[in-house]
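The values are calculated or read from the model by the stated rules, or taken from the named source; none is laboratory data. These numbers come from a predicted model, not from an experiment. Every residue, glycine among them, receives a Cβ derived from its backbone with ideal geometry; neighbour counts consider all protein chains shown.
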Amino acid sequence: MSRRLFQSTFLPKVFVRFLIVIGLVAWTSFTYARKPKDIEESEMQLIPAYCPDTMGFQYGDAYTRTSPRASHWVALMGDSFWHMHHYCWGMINLNRARRAGVPAQAKRGLLEEVRGDFQYVTNNSPKNFVMLPEVYTRLGEVELMLQQPNRALIAFQRAAQQKPDYWPAYSHWAEYLIRVGKRQEALKTIIAGLAYSPESKVLLELFKVSGGKPSDMPAPIRKTEPLADTEDSAESDDNLSGEKKTTN
């Protein structure tokens, strides 16, 4: 794990372990992932371009009624592409949850389904899956919308652990810290992100907003450190979600 990642906003290992093993038991129910109903073409336009080629939209899986474009996406993502229909389902429900006027209970139900879909991908993909930084970051956004900042922080940390120069993992957490009045902690997170992504316009703007000074600007880290399999990361995904691996 990158040593500079999130700096002082990083939770102590003991507390992280406590959140993973104990805190998540507080869930009162488990939401099973399922395909959203009545998907409209306008909704398809708002999700990634590969989504129509994943399982369950217009085509089947890797063996039956396979999309003619699937080989292209598998070449880019590997075989975990065949789990990405869950991410696409989650993005549809996330967009629905963000619509104005959605009742609070309905919104929470949608977000819990999104969480389940995103966690399906993280739980069933190898640690080097190229899409994990994006999926973990989206999961962190959802946890913030569900008012679960500790869980969100873990997700953002996982995203940056996978790809230390993935600036959205830093920016979303920093924006949350700014909203809750923790500008100094936000600045430390932004500085950590700028060390790996010194040209990120979003991080540079947040640097100004959070009161960063020229002397605070970190020296760029041009070559990211290899990710180590730490004890914390090894026990992460199943315990983070409370979900065992399944096939779907």
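Condition check ((1) of a type in the set (Gly, Ala, Ser); (2) more than 30 Å from residue 74 (Cβ to Cβ); (3) at pLDDT below 95) across all residues:
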{"site": "113", "(1), (2), (3)": "no, no, no"}
{"site": "119", "(1), (2), (3)": "no, no, no"}
{"site": "135", "(1), (2), (3)": "no, no, no"}
{"site": "144", "(1), (2), (3)": "no, yes, no"}
{"site": "148", "(1), (2), (3)": "no, yes, no"}
{"site": "153", "(1), (2), (3)": "no, yes, no"}
{"site": "159", "(1), (2), (3)": "yes, no, no"}
{"site": "176", "(1), (2), (3)": "no, yes, no"}
- Task: Determine, yes or no, whether residue 222 is at pLDDT below 95 and of a type in the set (Lys, Arg).
- Result: yes
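For region 75-101, give me the residue count where each residue is free of Cβ contacts under 8 Å to residues at least 12 places away in the same chain and within 21 Å of residue 118 (Cα to Cα).
2
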- Query: Looking at region 148-201, what helices (runs of 4 or more DSSP H) fall wholly within it and have at least 3 residues that are within 16 Å of residue 219 (Cβ to Cβ) and of a type in the set (Val, Ile, Thr)?
  - Reply: none
- Message: What's the number of the only condition in (1) assigned to a helix (DSSP H, G or I); (2) touching a Ser or Thr at 6+ places or on another chain (Cβ under 8 Å) that residue 207 fails to meet?
- Response: (2)
- Query: Just a yes or no: is a residue in region 122-129 at pLDDT 95 or above, among the polar types (S, T, N, Q), in contact with an Asp or Glu (Cβ under 8 Å, 6 or more places away or on another chain) and under 21 Å from residue 80 (Cα atoms)?
  - Reply: yes
- Members of region 61-104 found to be part of a helix (DSSP H, G or I), among the small types (Gly, Ala, Ser) and surrounded by fewer than 17 Cβ atoms within 10 Å (Cβ to Cβ), listed by number: 71, 75, 104
